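Engineer: Before anything else, here's the structure in question.
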Amino acid sequence: MRRGIAATALVATLALAATACGDSDSGDSGEKKSSGELSGTVTWWDTSNDTEKATFKKIAEDFHAQHPKVTVKYVNVPYGDAQNKIKNAFSSGSDAPDVIRADVGWVADFASLGYLDKVPDAKAKEVDSAFLKQAAASGKYDGQMYAVPQVIDTLGLFYNKKMLKDAGVEPPKTLEEVKTAAAAIKSKTGKTGLYLRGDDSYWFLPFIYGEGGDLVDAKNKKVTVDSPAGVKAFKAARDLVTSGAAITNATDGWNNMETAFKSGKVAMMVNGPWAVADAYAGDEFKDKANLGIAAVPAGSAAQGAPQGGHDLAVYAGSKNRDASHAFVDYLTSQTVQVQTTKALSLLPTRTAAYDQPDVKSNEMVQFFKPAVDKAVERAWIPENGALFEPLKLQFTKAVTGASSPEDAAKASATAFHKILKDWK
Amino acid sequence: MSSQRGKRSPLASVGLHATLIGASVIAVFPVLWVFLTSLKPAKYAITTDFFKDTTLDNYRYLVDKTSFFTWFGNSALIAGVTTLLGVFISATTGYAVSRFKFPGMRPLMWTLLITQMFPMAILIVPLYNLMGQLGLLNQPVGLIITYLTIAVPFCAWMMKGFFDGIPVEIDESGRVDGLNPFGTFWRLILPLAKPGLAVTAFYSFITAWGEVAYSSAFMVGDENLTLAGGLQTFVTQYTANWGPMTAASVLIAVPAAVFFLFAQKHLVAGMTAGATKG
Amino acid sequence: MTVHTGQSTAKAAGEGARGRGRATGERPGRLRRALSTHWYAWTMVAPVVIVLGVIVGWPLGRGIYLSLTDANERNVGRTIGANHIDATYKFVGLDNYVDVLSDPVFVQRLTWTVVWTVCCVSTTFLLGLVLANMLNRQFRGRAAYRMMLILPWAVPGFVSVFAWRFLFNRDNGLLNKVLDGGGISAVPWLDDPTWAKFSVIAVNVWLGVPFMMVALLGGLQSIPGELYEAAEMDGAGPWKRFLYITVPGLRAVSSTVILLSTIWTFNMFPVIFLLTRGGPGDSTEILVTQAFRQAFVESPRDFAGSATWGVLILAVLMIFAFVYRRSLRKQGEVW
């Protein structure tokens, strides 16, 4: 049944291969039998963290109840080295997983390398109609859908309600307000206003979105980090530090940020939903009600935080693609999404899930859903992840004053051009 | 050696002890700090108090909530086999290079040196693919072979130096007794080389026990991880579970330190011979 | 000291037959003779040769080849399930080397790598020498001191590096707390480029001193005590004794440990990577961490680029080892 594939262009090859294989109903072990019953083993590499993994393991194994002949092998791969591990495994093909949970930033990269199997047409249609639009976009590469969105997130402004109240300020809506609020906090409580994470360029994105810019313009294949908006963004970040509104670090940012916020050394930090559990563990938030979350402060032109989240994708080399796609379908079903929101406070990607009482009443959803609605889609290009390394270098330099905002913007652009050859 | 200079002024004596105490504190303190941190509740991990609400919770978490013992077993297996094989093949190689003049000896010596110059960090992907082709991914064997390549060149070099120090007359007496070179090596020379073997064992063990990069690249899944890989699950860019991390560090350091206690008696003697003549 | 294997009785004809089987037709007699003479030695080194050949030789050969191409993750051949994607990378000659060598980044990294290596090795050596000399005397508690001082070697590296990260933390670290007690304001140990350089060197010295100390201690113990006695009788003071007996006595062991420790430090990936990841910015990035970045962090992974860096690192070290041995040989050391 396998048709000859002679296309030279990589993407075309894959698209064809996916269709060809989708049509075939025989061949590799464990594929759909004539009866239509799925069987075999599906290995899932999940990147969820320590507190989440037990829930996901249980959910994954429950798939077995629906398809008794399919065994799901759940493997937790720490998020930190998952991208490298997945690449290693996919490229060598040995011991590779069938299904992966990929950060939204990785999908285009994996897809461009030919590692991912296209999402079956029926499912793709469903994703287009029933899922949040910005979430659906993250699974696409070159017009094809390679991954199904599982959860969505974005950054928000975490604040210590009591400290803000003591200082007599409202949660700031703009960077200017952050500065005035920080001054009030400093004079009333002696503490610092904001912790600005300076050692990770993901935290730079709200600044550049806030000035109405972006790292790159994917449509016109143009590097825009050194545009006036980009320079202003570096300036705004540096300004928070020089004005004393924020403290920062060039290393160990995560730990210092969490410690400072949890122990009440700073009143605010910018962070994602994944940090909530850790914040609650701090002395300042023994009373959970003391934690407030708002949208990230706006810059001079706009308000925006990067859209994050995780997608589920099937390995193109999987020996059990049908069962794998069915498994992905199951993991992204309404029931499972509501279930995970209830258990882990993760934000679902299905529009209809938000009407469910369990989701509606969830505190975290109430915090983050408005922010997610406004979250800015990143350019879903394969080089997405690669851009963050040189950007981190320049962001750290700019924030700590080691180089001027102009130089940082220019140097980032130079580095981006090296990665995005033949872009403007 | 220096007993002839036993008459030391009290002042010099105080100076000597003061310096050594200072150096010992610097040597021990970071390790001690990890231990103290592991006794603090996880949420106070990054504080500067020496003691705060001392508890064993971190250890309990490690035992109850993670596959610590599986990781420990994997590491023990891998480090143990690496040590055994490492000692054996370093010894045979060292002996051959020390005693026989054979074609390929000088290139081999150079290879042993050059191998150590190799930036192993960038070999991860090629080795991964190689292990994939050999079907050794996610298998202890794959890691053992990799660790051998890291440990053996230095060990063989050192063993050569050590064997150089053993009088060649012993070999000759073996030959007179009708032993072939393997017999001579095994029955006569090896027993004399204990200090050298101890150092080799120590070095191989430490290499395999504490390696992070390869073990986290080659092994996947809770049940296959080694300790070093397992520890990576605690601290990533977006989570930092320092409590269990420090507790695990302590438990990892203990076997290494115990192994070291056994080896250290021989360490000086073994290294001397190896390094002087190497 | 070396015994020719030829002195041992030549081995049975079976070996000769094996030799013939492998012979390429050219001078089989000579090969057979070589085999029958040297088979002991060759058997003994065979495991090492095989393991190194497969695990190092193969990637090395491949690395050199890749460094002459434009291979990256996107154009190498690969098989994904049923789809085989053919390799489309091509031979580019020395282009990669020209690119890297003409990039100021290479010189920057090389300079810092050399500074880092020299600082680490010299400090480690001096401290090791001082401590070894102290431990070489007879006094109570010597064994205890020795054990404590060797401890950094016995603890897995990544554990101790994490420990140092705790201590160095600018906002919540113990070092700054102690300094604060002494009225000194917070030192940005890992936050400031210069301090970060200092910090990584300090940690690497901390890790390296035990090895040096043990090696030098061994060297000291192998110097005959009579030499010191004779010198003392001749009226030589402690400094003179050190200069004329200890220093020459340690010559052999020092030359070896300096060579080894230079090689190791030059490629000391874990310390830099775990402590600063090359940061802040790129201020502590050495050649190896740079090559690693190219191979793993960038996408598509630049196989050719990182192979080029790897080959250059190897070349620099080989030149160093060669020159170093030359200069030793000139001084009369034979190795």
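Engineer: Please determine, by comparing only the residues of region B:89-110 that are surrounded by fewer than 20 Cβ atoms within 10 Å (Cβ to Cβ) and more than 8 Å from every other protein chain (Cβ to nearest Cβ), which one is nearest to B:Trp157 (Cα to Cα).
Structural biologist: Per the stated criteria, the residue is B:Met109.
Engineer: Here is a follow-up. If I filter region A:386-398 for residues that are of a type in the set (Lys, Arg), in contact (Cβ under 8 Å) with a residue 60 or more places away in the chain and outside any loop (DSSP other than H, G, I, E, B), do I get at least one hit? I'd like the intermediate steps shown before the answer.
Structural biologist: The first filter runs over region A:386-398 and keeps only residues of a type in the set (Lys, Arg), leaving A:392, A:397.
Now drop any that are not in contact (Cβ under 8 Å) with a residue 60 or more places away in the chain, which leaves A:392.
If we keep only those that are outside any loop (DSSP other than H, G, I, E, B) as well, we get A:392.
Yes, region A:386-398 has at least one match.
Engineer: Shifting gears a bit: Just to be sure before I move on: is B:Thr70 open to solvent by 30 Å² or more (accessible area, probe 1.4 Å), over 24 Å from C:Leu151 (Cα atoms) and in contact with a Leu (Cβ under 7 Å, 6 or more places away or on another chain) in the structure I sent?
Structural biologist: On the way: open to solvent by 30 Å² or more (accessible area, probe 1.4 Å): yes; over 24 Å from C:Leu151 (Cα atoms): yes; in contact with a Leu (Cβ under 7 Å, 6 or more places away or on another chain): no.
Answer is no for this residue.
Engineer: What is the number of the single condition among (1) touching a Gly at 6+ places or on another chain (Cβ under 8 Å); (2) within 7 Å of another protein chain (Cβ to nearest Cβ); (3) closer than 30 Å to A:Leu393 by Cα; (4) open to solvent by 20 Å² or more (accessible area, probe 1.4 Å) that C:Trp189 does not meet?
Structural biologist: (2)
Engineer: Examine region B:139-155 for a residue that is of a type outside the set (Val, Ile, Thr) and assigned to a loop (DSSP other than H, G, I, E, B), and state whether such a residue exists. If you could, list the steps in order and put the result at the bottom.
Structural biologist: Step one: filter region B:139-155 for residues of a type outside the set (Val, Ile, Thr), giving B:139-140, B:142-143, B:147-148, B:151, B:153-155.
Checking which are assigned to a loop (DSSP other than H, G, I, E, B) leaves us with B:139.
For region B:139-155, residues of a type outside the set (Val, Ile, Thr) and assigned to a loop (DSSP other than H, G, I, E, B): present.
Engineer: So, in region C:297-321, how many residues would count as being facing chain B (nearest Cβ under 8 Å) and open to solvent by 20 Å² or more (accessible area, probe 1.4 Å)? Walk me through it before giving the result.
Structural biologist: Narrowing region C:297-321 to residues facing chain B (nearest Cβ under 8 Å): C:301, C:303, C:306-307, C:309-310, C:313-314, C:317-318, C:321.
Now drop any that are not open to solvent by 20 Å² or more (accessible area, probe 1.4 Å), which leaves C:303, C:318.
So the count comes out to 2.
Engineer: Which of the residues that make up region A:339-358 are closer than 13 Å to A:Glu52 by Cα and either basic (Lys, Arg) or part of a helix (DSSP H, G or I) (or both)?
Structural biologist: A:Gln339, A:Thr340, A:Thr341, A:Lys342, A:Ala343, A:Leu344
Engineer: Out of (1) under 30 Å from B:Pro244 (Cα atoms); (2) open to solvent by 10 Å² or more (accessible area, probe 1.4 Å); (3) away from every other protein chain (no Cβ under 13 Å), the odd one out for A:Val99 is which?
Structural biologist: (2)
Engineer: May I pose another question? Report whether or not C:Ala143 is within 14 Å of chain B (Cβ to nearest Cβ), of a type outside the set (Ser, Thr, Tyr) and open to solvent by 50 Å² or more (accessible area, probe 1.4 Å).
Structural biologist: Values: within 14 Å of chain B (Cβ to nearest Cβ): yes; of a type outside the set (Ser, Thr, Tyr): yes; open to solvent by 50 Å² or more (accessible area, probe 1.4 Å): yes.
Taking the combined requirement at face value, the residue satisfies it.
Residue-by-condition table, conditions (1) within 18 Å of A:Val104 (Cβ to Cβ); (2) touching an Asp or Glu at 6+ places or on another chain (Cβ under 9 Å); (3) touching a residue at least 60 places away in the same chain (Cβ under 8 Å):
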site	(1), (2), (3)
A:Gly299	no, yes, yes
A:Arg321	no, yes, yes
A:Thr335	no, no, no
A:Thr349	yes, yes, yes
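Engineer: Based on what the data block shows, is A:Glu406 at the interface with another protein chain (Cβ under 10 Å from one of its Cβ atoms) and closer than 20 Å to A:Tyr209 by Cβ? I'd like the intermediate steps shown before the answer.
Structural biologist: Numbers: at the interface with another protein chain (Cβ under 10 Å from one of its Cβ atoms): no; closer than 20 Å to A:Tyr209 by Cβ: yes.
Taking the combined requirement at face value, the residue does not satisfy it.
Engineer: Under 9 Å between Cβ atoms, at least 6 apart or on separate chains: pull out the pairs that start in region A:167-179 with a residue that is of a type in the set (S, T, N, Q) and end on any residue that is open to solvent by less than 50 Å² (accessible area, probe 1.4 Å).
Structural biologist: If the second residue must be open to solvent by less than 50 Å² (accessible area, probe 1.4 Å), the pairs left are A:Thr174/A:Gly210; A:Thr174/A:Pro297; A:Thr174/A:Ala298; A:Thr174/A:Gly299.
Engineer: Which one is nearest to C:Phe303 (Cα to Cα) among residues in region B:111-121 that are part of a helix (DSSP H, G or I) and away from chain A (no Cβ under 13 Å)?
Structural biologist: The selected residue is B:Met120.
Engineer: Something else about it: Scan region A:169-190 residue by residue and report those that are under 30 Å from the mean Cα position of the chain (by Cα) and open to solvent by 10 Å² or more (accessible area, probe 1.4 Å). So that I can check it myself, show each step before the final result.
Structural biologist: The first filter runs over region A:169-190 and keeps only residues under 30 Å from the mean Cα position of the chain (by Cα), leaving A:170-179, A:181-182.
Correct list: A:Glu170, A:Pro171, A:Lys173, A:Thr174, A:Leu175, A:Glu176, A:Glu177, A:Lys179.
Engineer: If you check A:Asp226, A:Asp153, A:Asp166, which single one turns out to be within 19 Å of A:Gly299 (Cβ to Cβ), open to solvent by 10 Å² or more (accessible area, probe 1.4 Å) and modelled with pLDDT of 90 or more? First the steps, then the outcome.
Structural biologist: Details: A:Asp153 fails: within 19 Å of A:Gly299 (Cβ to Cβ); A:Asp166 fails: within 19 Å of A:Gly299 (Cβ to Cβ).
A:Asp226 is the lone residue from the list that is within 19 Å of A:Gly299 (Cβ to Cβ), open to solvent by 10 Å² or more (accessible area, probe 1.4 Å) and modelled with pLDDT of 90 or more.
Engineer: Can you find a residue in region A:190-201 that is in a helix (DSSP H, G or I) and not aromatic (Phe, Trp, Tyr)?
Structural biologist: First, pick out the residues of region A:190-201 that are in a helix (DSSP H, G or I): A:201.
Keeping just the survivors that are not aromatic (Phe, Trp, Tyr) gives A:201.
For region A:190-201, residues in a helix (DSSP H, G or I) and not aromatic (Phe, Trp, Tyr): present.
Engineer: Could you give me the residue pairs with C-beta distances under 9 Å whose first residue belongs to region C:261-277 and is at positive phi, whose second residue is part of a helix (DSSP H, G or I) and modelled with pLDDT of 85 or more wherever it lies, and which are 6+ apart or on separate chains?
Structural biologist: Every condition considered, the pairs that remain are C:Arg277/C:Thr289.
Engineer: Among the residues of region C:126-138, is any at the interface with another protein chain (Cβ under 8 Å from one of its Cβ atoms), of a type in the set (A, V, I, L, M, F, W, C), closer than 30 Å to C:Trp195 by Cα and open to solvent by less than 60 Å² (accessible area, probe 1.4 Å)?
Structural biologist: So far as region C:126-138 goes, yes, one or more of its residues are at the interface with another protein chain (Cβ under 8 Å from one of its Cβ atoms), of a type in the set (A, V, I, L, M, F, W, C), closer than 30 Å to C:Trp195 by Cα and open to solvent by less than 60 Å² (accessible area, probe 1.4 Å).
Engineer: Still on this model: Would it be correct to say that B:Ile144 is among the β-branched types (Val, Ile, Thr) and within 24 Å of the chain's Cα centre (by Cα)? Explain how you work it out, then say what you get.
Structural biologist: Values: among the β-branched types (Val, Ile, Thr): yes; within 24 Å of the chain's Cα centre (by Cα): yes.
Answer is yes for this residue.
Engineer: Still on this structure, please answer the following. Return the total of residues in region C:153-169 being of a type in the set (Phe, Trp, Tyr), within 7 Å of chain B (Cβ to nearest Cβ) and under 19 Å from B:Thr48 (Cβ atoms). Let's see the steps before the verdict.
Structural biologist: Here is the first cut: in region C:153-169, the residues of a type in the set (Phe, Trp, Tyr) are C:153, C:158, C:162, C:164, C:166, C:168.
Add one more test, that the residue is within 7 Å of chain B (Cβ to nearest Cβ), and what stays is C:158, C:162, C:164, C:166.
Next cut, under 19 Å from B:Thr48 (Cβ atoms) only: C:162, C:164, C:166.
Going through region C:153-169 one residue at a time, the tally reaches 3.
Engineer: In the list B:Ala23, B:Ala79, which residue meets the criterion of being assigned to a helix (DSSP H, G or I) and outside the structural domain of B:Phe260 (by TED's automatic domain parsing)?
Structural biologist: Working: B:Ala79 fails: outside the structural domain of B:Phe260 (by TED's automatic domain parsing).
Criteria check complete, one pass: B:Ala23.
Engineer: Looking at (1) surrounded by 19 or more Cβ atoms within 10 Å (Cβ to Cβ); (2) of a type in the set (A, V, I, L, M); (3) part of a loop (DSSP other than H, G, I, E, B), find the lone condition where A:Ala326 falls short.
Structural biologist: It is condition (3) that A:Ala326 fails.
Engineer: For region A:335-370, enumerate the residues that are hydrophobic (A, V, I, L, M, F, W, C) and either assigned by TED's automatic domain parsing to the domain that holds A:Thr251 or open to solvent by 40 Å² or more (accessible area, probe 1.4 Å) (or both). Reasoning before the result, please.
Structural biologist: Keep residues of region A:335-370 that are hydrophobic (A, V, I, L, M, F, W, C), which gives A:336, A:338, A:343-344, A:346-347, A:352-353, A:359, A:364-365, A:367-368.
The answer is A:Ala343, A:Ala352, A:Phe367.
Engineer: What number of residues within region C:195-205 are open to solvent by 50 Å² or more (accessible area, probe 1.4 Å) and within 11 Å of chain A (Cβ to nearest Cβ)? Steps first, answer last, please.
Structural biologist: Let us first name the residues in region C:195-205 that are open to solvent by 50 Å² or more (accessible area, probe 1.4 Å), namely C:195, C:197-198.
Checking which are within 11 Å of chain A (Cβ to nearest Cβ) leaves us with C:195.
The qualifying residues number 1.
The values are calculated or read from the model by the stated rules, or taken from the named source; none is laboratory data. No experiment lies behind these values; they were computed from the predicted model shown. Every residue, glycine as well, gets a Cβ built from its backbone with ideal geometry; the counts of neighbours run over all protein chains shown. SASA here: full protein model, heavy atoms, side chains in, ligands and nucleic acids out. Shrake-Rupley method; radii C 1.70, N 1.55, O 1.52, S 1.80 Å.
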